[in-house]
Amino acid sequence: MTSPGHGFDSDQNRTSPEVRGTVLVIGATGYIGRFAIARLKNSGYRVRAVARDRNRAEAPGAHQTPALRALVDEWVIAPDPLRTVDASVMEGVDHVFSALGVTRQKADPWDVDFRLNLKYLQLAEQQEVGSFLYVGVMAAEAGTSAVARAKHAFMQVLRRSAVVSQIVNPSGYFSDLTEIFDLAKRGVGLGLGEGGTRLSPIHGEDLARFCVDKLGGERGIWDVGGPQVLTYRDVVDLAFAAAGTAPRYLRVPPGIQTPAVWVADRLGPRTASLTRFFLEGLQTDSAATPYGVRTLDEYFAQLAQGGR
């Protein structure tokens, strides 16, 4: 395998006349990144993907995401991209697709969501890349967690860039709700208060299609969700129905947020940030423009049949 700055690992013919352009995908091995690569490849784009470990990337991912073997034309293997990725990563690139961000991995959101995205944006500006599409999160400007603040800070920089900026903010991912199904299998559903917060989670395949259809078009910001607008309690009930267990919803008082964050703060900055991020998400309406065809009850039904 080659290292950044010294060429790329190529698996495909580089001279296909049908190629619509080369897209650099960062955050390639995550939930959205994997679906995005599959969609890009099927839409006629040439894909260059950045990954820390090629073997892991080419294997099937979590939450029913595709393996990337045969879908990536060029690999950039970068175990430490903040230090090793250089301008060569943008050579011949027409568009950047970033699904890069911290969720549960052990990393500082300011290093990943902000600094690493910023590094790629600066390289894209130097090479005058056509567009930079970033998958963010709804209501980041109102969040107090490091995750939300780092995402919001990058989106502000991206909006001012000379590169055409495209920001897509999903309401939430099906993958994020897998843990609700896992709890329902054990006969438990947890929620803040009555669970009336509204959301419209979207399947990764539908979100990828939305993003790729926007890629290279006009500058803009779009909030997008799946075809269903649900309350958090609706989500829990769908999980119980799919799991075939008797509904037992445990109401956690909304006031629990302050002591929960207090405890998380003392367990370390990463735990504190993720706790704030998820608790705020449970209390913030995030229903967005409906898009796609995949429904959450279908996803939960697949989980019940062993689909992971």
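The values are calculated or read from the model by the stated rules, or taken from the named source; none is laboratory data. The shown structure was predicted, so the numbers you read here are calculated from the model rather than taken from an experiment. No Cβ is skipped: glycine too gets one built from the backbone with ideal geometry, and neighbour counts run over all protein chains shown. Calculation scope for accessible area: heavy atoms of the full protein, side chains included, ligands and nucleic acids excluded. Shrake-Rupley method; radii C 1.70, N 1.55, O 1.52, S 1.80 Å.
Just to be sure, is L207 farther than 24 Å from F97 by Cα and either assigned to a loop (DSSP other than H, G, I, E, B) or touching a strand residue (DSSP E or B) at 6+ places or on another chain (Cβ under 8 Å) (or both)? Write out each step before concluding.
On the way: farther than 24 Å from F97 by Cα: no; either assigned to a loop (DSSP other than H, G, I, E, B) or touching a strand residue (DSSP E or B) at 6+ places or on another chain (Cβ under 8 Å) (or both): yes.
Judged against the criteria, L207 is not a match.
Do you know which of the residues in segment 42-77 that are on the phi < 0 side of the Ramachandran plot and among the small types (G, A, S) is surrounded by the most Cβ atoms within 10 Å (Cβ to Cβ)? Reasoning before the result, please.
Keep residues of segment 42-77 that are on the phi < 0 side of the Ramachandran plot, which gives 42-43, 45-62, 65-69, 71-77.
Imposing the further condition that a residue be among the small types (G, A, S) reduces the set to 43, 49, 51, 57, 59, 61-62, 67.
Values: S43: 14, A49: 29, A51: 23, A57: 23, A59: 12, G61: 20, A62: 12, A67: 13.
Only one residue tops the list, namely A49.
Go through segment 131-152 residue by residue and tally those that are in a helix (DSSP H, G or I) and either open to solvent by 10 Å² or more (accessible area, probe 1.4 Å) or among the polar types (S, T, N, Q) (or both). Even if it seems obvious, please write down each step before you answer.
Residues of segment 131-152 that are in a helix (DSSP H, G or I), as a first pass: 140-142, 146-152.
Then drop every residue that is not either open to solvent by 10 Å² or more (accessible area, probe 1.4 Å) or among the polar types (S, T, N, Q) (or both), which leaves 141-142, 146, 149, 151-152.
Looking only at that region, the number is 6.
Give the number of residues within segment 96-130 that are closer than 23 Å to F35 by Cα, assigned to a loop (DSSP other than H, G, I, E, B) and modelled with pLDDT of 95 or more.
Within segment 96-130, residues that are closer than 23 Å to F35 by Cα, assigned to a loop (DSSP other than H, G, I, E, B) and modelled with pLDDT of 95 or more number 4.
What pairs come up if the first residue lies in segment 97-125 and is open to solvent by 30 Å² or more (accessible area, probe 1.4 Å), the second is hydroxyl-bearing (S, T, Y) and modelled with pLDDT of 95 or more, and their beta carbons are under 7 Å apart, counting only those six or more places apart or on different chains?
Within 7 Å, the pairs are E125/S161.
Looking at V76, V93 in this structure, which one is outside any loop (DSSP other than H, G, I, E, B), in contact (Cβ under 8 Å) with a residue 40 or more places away in the chain, over 22 Å from A148 (Cβ atoms) and not acidic (D, E)? Full working, then the answer.
Working: V93 fails: outside any loop (DSSP other than H, G, I, E, B).
Result: V76 is the single residue among V76, V93 that is outside any loop (DSSP other than H, G, I, E, B), in contact (Cβ under 8 Å) with a residue 40 or more places away in the chain, over 22 Å from A148 (Cβ atoms) and not acidic (D, E).
Just checking, which of E218, E194 is of a type outside the set (S, T, N, Q), open to solvent by 40 Å² or more (accessible area, probe 1.4 Å) and modelled with pLDDT of 90 or more? Working first, answer last.
Details: E194 fails: modelled with pLDDT of 90 or more.
From the options E218, E194, the qualifying one is E218.
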